[in-house]
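Since the structure comes first, as structure tokens, the remarks are kept for the end.
Every number in this text was worked out from the coordinates using simple rules, so none of it is lab data. Every value quoted in this text rests on a predicted model; they were computed, and no experiment measured them. With ideal geometry, Cβ positions are generated from the backbone for all residues, glycine too; neighbour counts draw on all protein chains shown.
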Amino acid sequence: MMSISEAMKPEMIGKTVQLHGWVYRIRSSGKLSFIILRDSTNIIQLLASADSLGSDAYRELSSLTVESSLEVTGTVRDDKRAVTGYEVAIKTYRIYQKNEMFPVSKDLGEEFKLDNRHLWLRSREFTAMLKVRSTVFKAFADFYYNENYYQVQAPMMVATATEGGSTLFKVPFFGEEVNLTQSSQFYLETFIFSLERVFTIAPSFRAEKSRTWRHLTEYWHAEMEAAWLNNEDMMKIEERMIEYIVEEVLRNNRPELELLKRDIGVLENIKVPFERIKYSELIKKAQDFGMNLKYGDDLGADEERGIMNHFQKPVFITDYPTSLKAFYHRQNPENPSEILCHDLLAPEGYGEIIGGGERIWEYDELVRRIKESGMNPDDYYWYVDLRKYGSVPHSGFGLGLDRLVMWILHLPDIKEAIPYPRTIRRTKP
Ligand code: 4AD
């Protein structure tokens, strides 16, 4: 057995191949049927001829429906008129299933396609997205392995909140309640005292009540944490990581980028260094762009879109006001009203894909900030303990992988960047 892309090579012309897959399209005229076969690698034209196959076989093949599954053997020839430049003249075949009309197609409504994601994910567009997504996940891990980081795993059921109580999912747990994790960050911080440099790829959960083009209730979170590094070190490693992931997509996924009509020039231009802009300067810039923002305002999806429509490369926004971010961020010792942190905003209007920075590493500061945030340090005893025994400066970040894929492919909505999106209104399929 061979894949379609293996069969579509000049050296295969005149050879007999065995292929299997699904009917992508079918068109018959007179005694000839052109079946476009699809597998995970590509599509190819099959020719069924009544003269060479006999009328019964021809009738059977020419009545196949879209997405029916079959196996064929036949001879490869090149044919400029064929959809991908090659054609296989069928000699023998086996039909696995001839199905009823396939219910999903490109022109049907978005909600219908989401209800039928289990079927729609075999479309060529969605398959292309899945291939790019696979590259992105691998490239993230490879980048950190190459930098001598260790991959670790944290629990998904937790007792603590990292990003505030309003987006916590509560789950019954043997007569008690636990939360689904919002971020593996605090657990990654525990690992640095053993491994120094760690990363993880895991789901994070947010009970996001808003429906926006960039929020999921379950998303894939790539996080890293490293001892001894500061906010600037973190930005340096992140920009190289984003450059590497984009390079890997360009190297492995040209056909997918072309199929999805992605502007490759934009991706080729994603080179370090990325611009760094302080939050306070950004607010002035946004005012210059005519936006109604003042110092202290949080940047939501709309604000970031308005700002990032002006950029073609990612931008780091640094030094956010302390009041805007979670309690664990380290305050600037020279100006405690701001924290030593950054967000990385993706260009072309996409906005935040990374949040990170320095963590509070001193005991007194952490206990004070937990209390100021209205929480009880006892609930975070293990997190606080880290600041009692050989504490060290350290930093980390979290990257939303679904958002990264959405931007890299210039998709209109995050639901197009994940196979089975979970949102306030969707838990199926
Ligand atoms: O900015 P966030 O909330 O930061 C944290 O969770 C930190 N504890 C991460 C860390 O430092 N280890 O989330 C980090 C990233 C965001 O920049 C965004 O890309 C993504 O996670 N994200 C979401 N993606 C999809 N849907 C949501 N509801 C998301 N919330 C955050």
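Side notes on the structure shown:
- Selection status of residue 412, loosely packed, with under 14 Cβ neighbours inside 10 Å, within 16 Å of the ligand (Cβ to nearest atom) and not in a strand (DSSP E or B): yes
- Residue list for the stretch 227-264, filter: crowded, with 23+ Cβ neighbours inside 10 Å and of a type in the set (Gly, Ala, Ser): none
- Only listed residue being among the aliphatic types (A, V, I, L, M), closer than 28 Å to residue 200 by Cα and part of a loop (DSSP other than H, G, I, E, B), chosen from 128, 154, 141: 154
- Residue in the stretch 315-322 that is of a type in the set (S, T, N, Q) and either surrounded by 16 or more Cβ atoms within 10 Å (Cβ to Cβ) or more than 16 Å from residue 185 (Cβ to Cβ) (or both) present: yes
- Taking (1) touching a residue at least 24 places away in the same chain (Cβ under 8 Å); (2) assigned to a helix (DSSP H, G or I) in turn, residue 316 satisfies each apart from (2).
- Taking the stretch 34-49 as the range and being within 15 Å of residue 16 (Cα to Cα) and not aliphatic (A, V, I, L, M) as the test, only 45 passes.
- Residue satisfying all of: in the stretch 148-178; over 20 Å from residue 216 (Cα atoms) and aromatic (Phe, Trp, Tyr); farthest from the ligand (Cβ to nearest atom) among these: 174
- Counted residues, the stretch 48-73 - those being surrounded by 19 or more Cβ atoms within 10 Å (Cβ to Cβ) and either among the hydrophobic types (A, V, I, L, M, F, W, C) or in contact with a Ser or Thr (Cβ under 8 Å, 6 or more places away or on another chain) (or both): 8
- Residues of the stretch 42-63 classified as out of contact with any helix residue (DSSP H, G or I) (no Cβ under 9 Å at 6 or more places or on another chain) and assigned to a strand (DSSP E or B), total: 2
- Every residue from the stretch 179-188 that is near the ligand (Cβ under 9 Å from one of its atoms) and touching a strand residue (DSSP E or B) at 6+ places or on another chain (Cβ under 8 Å): 182, 183, 184, 185, 188
- Search result, residues across the stretch 357-404 that are free of Cβ contacts under 8 Å to residues at least 40 places away in the same chain, within 16 Å of the ligand (Cβ to nearest atom) and in a helix (DSSP H, G or I): 366
- Residues in the stretch 317-353 that are within 24 Å of residue 387 (Cα to Cα), out of contact with any strand residue (DSSP E or B) (no Cβ under 8 Å at 6 or more places or on another chain) and within 15 Å of the ligand (Cβ to nearest atom): 324, 326, 327.
- Restricting the stretch 105-134 to residues that are without any contact (Cβ under 8 Å) to a residue 60 or more places away in the chain and over 30 Å from residue 250 (Cα atoms) leaves a set whose member that is surrounded by the fewest Cβ atoms within 10 Å (Cβ to Cβ) is 109.
- Checked against the criterion of being outside any strand (DSSP E or B) and touching a Phe, Trp or Tyr at 6+ places or on another chain (Cβ under 9 Å), the stretch 86-95 has no qualifying residue.
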